[in-house]
Amino acid sequence: MCYGRRMKKLAIIGGGAAGLTAAIAAGKQFRESFGSDASEYAAITIYEAADRVGKSILVTGNGRCNFTNEHLDLWRYHNSDFVRCVYDALDARTYAPHVPDGPKKEEGFSPVTDFFEELGMDWWQEEDGRRFPLANKASVVVDVLRAAASVFGVKEACGCAVKSIEAPREEGKPYTLRMADGRFERADAVIIACGGRALESVDLSAFDGLRILELKPMLGPLRVTKDYIPIVRELDNIRVKCNVILMRQEDENTMGCIGSESGEILFRKYGVSGICVFNLSRIAEPGDELNVDFFDLGHHEWAADVIRNRARAAEKLLGRTPTCADVLRGFLLPRVVDAALKPIGLSPDDLCAPDDEEMISDLGTRLTFFSLKLAGIGDSNLCQVRRGGIDVACVSSKTLAVEGQAGLYAVGEALDVDGPCGGYNLHWAWSSGLLAGQCAAKKLIGSGEAHD
């Protein structure tokens, strides 16, 4: 087979999780089509504004990189129907159940885990399904990705911020990438893999019909209203295992539950943080209330039973009527007890006799419904993702190609997709990168000047 001389160029905007994966997937596809001389026929370049690729991966999972989760609940994604279709499309391209010698999907595996195993990365799994590299370091993930990209001849153009992408002037002509420093590059296909605030700096106005939705920070801490600042300030840097329930006003007299999470929360001077708070931040709005259930029992009467039993045990141990502090000692930190009781006029020094039903009921209610009024997202710099970006209605769920724009693709956080903590967002980044990288490469191979 003889191929035409003009080299096809694939440009990937953004060198994060989705961008690196897309580059590797495209490089592998070119290698399968052109053999070991693929670099003579196709060039792949990652344009990254930072001084190196993969920096965003290094901070994921507290530096350990929770790269996926065996138990992904797809409905928990924003735009979950679109995500499901993308994952199905990737599965169909990765596995061939009706081909005798084709690759089969094994239980517990996915295109993502297969991809990383192929790159040589071992991993381990926690009981809840979260998966981490065996070395427990995010740097290992970046290392295997960069090594694989290098094998396929991917060029890293770091310190290159793309200012705008211009559509081809006529069919068959390349895209133009305008850099922030005034330079420009041409590419036959472009994969937009920059997410969050980086997407805001790229001008995509040349593409009619491509809707860009407002970017909003998600998966971050929540800020309380000023009336509640004194309460959380007293608890700054204290961590508590509990259940948190997000409440919203349904009518004049009713608050309804719109979400709940169990886990550890971290009190901050401005509000609350922690994974369970991060997850609720995806649906929280100013004016909502966050109820902290320190007992994680779900009902104040059950909490009252626990308090009554603790009061009896304390009375027997001390040989006197216990105080609230006595009853709750060993369960909650003294600062938490003080902060929880003060707003309802109780003190840790108030007596709590086992037969004082009113006091026990008050304690049970307060420690089940420790309510904080929310003002919105806290420090947006601590948010892990941004919701918004390219409207998924403008993108094919089978290829991730932008509708009406041959050779233009969008992946990862550039799209209006986000999920909760626990490997969801990285799994989306890898998966969308794999699908778009394969499809972009095949598009270029199909449009190449090739003949037998």
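Residues of region 115-152 that are among the aliphatic types (A, V, I, L, M) and in a helix (DSSP H, G or I): Ala138, Val140, Val141, Val142, Val144, Leu145, Ala147, Ala148, Ala149, Val151.
If you check Glu250, Glu285 for being of a type in the set (D, E, K, R), assigned to a strand (DSSP E or B) and on the phi < 0 side of the Ramachandran plot, only one passes: Glu250. One residue alone among Leu145, Leu215, Leu210, Leu199 is among the aliphatic types (A, V, I, L, M) and more than 20 Å from the chain's Cα centre (by Cα), and that residue is Leu210. Here the helices (runs of 4 or more DSSP H) wholly within region 290-375 that include at least 2 residues being β-branched (Val, Ile, Thr) and out of contact with any Ser or Thr (no Cβ under 8 Å at 6 or more places or on another chain) are 300-318, 334-341, 357-368.
Beta carbons closer than 8 Å, at least 6 apart along the sequence or on distinct chains, pair a first residue in region 71-97 that is on the phi > 0 side of the Ramachandran plot with a second that is β-branched (Val, Ile, Thr) and outside any helix (DSSP H, G or I) for Asn79/Val417.
Summed over region 351-398, residues that are on the phi > 0 side of the Ramachandran plot and over 17 Å from the mean Cα position of the chain (by Cα) total 1.
The residues on offer are Leu280, Leu297, Leu290, and the sole one that is surrounded by fewer than 20 Cβ atoms within 10 Å (Cβ to Cβ) and of a type outside the set (Gly, Ala, Ser) is Leu297.
Evaluated against (1) at pLDDT below 95; (2) in a strand (DSSP E or B), Gln405 falls short on exactly one condition, (2). Only one entry in Glu107, Glu156, Glu126 is at pLDDT 95 or above, of a type in the set (D, E, K, R) and either buried (at least 21 other Cβ atoms within 10 Å of the Cβ) or at negative phi (or both), namely Glu156. When each of Val140, Val151, Val190 is tested for being closer than 18 Å to Trp430 by Cα, assigned by TED's automatic domain parsing to the domain that holds Arg64, in contact with a Gly (Cβ under 8 Å, 6 or more places away or on another chain) and of a type outside the set (Ser, Thr, Tyr), the lone residue that passes is Val190. When Leu318 is tested against (1) exposed (fewer than 14 other Cβ atoms within 10 Å of the Cβ); (2) within 40 Å of the chain's Cα centre (by Cα), exactly one condition is not met: (2).
Screening Lys9 against (1) under 24 Å from Leu204 (Cβ atoms); (2) part of a helix (DSSP H, G or I) leaves a single unmet condition, (2).
The values are calculated or read from the model by the stated rules, or taken from the named source; none is laboratory data. As the structure is a computational prediction, the values presented were derived from the model and not from experiment. Because the Cβ atoms are built from the backbone with ideal geometry, glycine has one as well, and the counts that use them run over all protein chains shown.
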